[in-house]
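Q: Let me give you the structure first, and then I'll get to my questions.
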Amino acid sequence: MDYNKIVSVSGLPGLFELLSSKSDGAVVRSIEDNSTRFVSTRQHNFSHLESIEVFTKKDNTSLAEIFEAMKESKEKLPDAKADNKVLKSYFEKVYPDMDFERVYASDMKKMIKWYDIIDKNKIEIKVRTEEEKEAAADQKSKPAHVENAHVKDMKPQQANPRKIESRGVK
């Protein structure tokens with residue numbers, strides 16, 4: 001499972017793997033219990049973990065960097081239901097540049113829950129670089145059939161007029 005396919009769905013607990021998307025929703029699989037379901041965009045919003053940023057004192061940082069700091073830290077991961085002061089002290093040790101005035105305790109709880117899910121399922125936290133993102137975008141923009149790529153440049157041909165024959169019906 002790739003880190004860039006993991007999404008959070010508003011109103012639903014946990015994390016999901018994005019299987020396919022449609023204009024009116026998406027098919028997702030829960031990472032925790034592997035149940036598959038369709039989620040409507042009318043009721044829910046999707047957030048790729050790869051695109052989530054966290055407020056810091058300087059520039060915003062990606063969620064993956066926070067997860068990497070949590071992974072490398074020797075601090076024990078607190079319970080997601082722990083007191084707000086315990087959560088704040090944990091993140092002060094793990095990632096001291098975090099802006100604690102704009103990052104709420106509920107956000108810290110989510111980060112701990114999400115990291116726990118990712119860690120239990122042994123998902124590699126890998127952030128795509130700008131070059132990899134551009135390469136993926138280039139692949140999507142290439143035509144599917146190279147031999148038919150010239151079709152766009154052609155002028156429409158005149159259709160041959162059809163002859164309508166009478167079959168003797170009066």
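The values are calculated or read from the model by the stated rules, or taken from the named source; none is laboratory data. The structure displayed is predicted, hence computed values, not measured ones. A quick note on method: Cβ atoms are made from the backbone with ideal geometry, for glycine too, and the neighbour counts reach across all protein chains shown. Just so you know, the surface numbers come from the protein's heavy atoms only, side chains and all, with ligands and any DNA or RNA stripped out. Shrake-Rupley method; radii C 1.70, N 1.55, O 1.52, S 1.80 Å.
Q: At 1.4 Å probe size, with every protein chain present, just tell me what the per residue accessible area of segment 1-113 comes to in Å².
A: 62 Å²
Q: Let me ask another. Just want the answer: with Cβ charges of +1 for Lys and Arg and -1 for Asp and Glu, which residue in F67, F46, N34 is farthest toward the dipole's positive end in segment 14-138?
A: Going by the charge dipole, the pick is N34.
Q: From the Cα trace of segment 50-105, what convex hull volume per residue do you get, rounded to a whole Å³?
A: 82 Å³
Q: While we're looking at this one, here's another question. With respect to the cross-link table entries K22/K74; K74/K110; K22/K76; K22/K110; K22/K58; K22/K57, which display a Cα-Cα separation exceeding 30 Å?
A: K22/K74; K22/K76; K22/K58; K22/K57
Q: Can you give the charge dipole size of segment 37-103 about its Cα centre, rounded to the nearest 20 debye, using +1 on the beta carbon of Lys and Arg and -1 on the beta carbon of Asp and Glu?
A: Here segment 37-103 has a charge dipole of around 320 debye.
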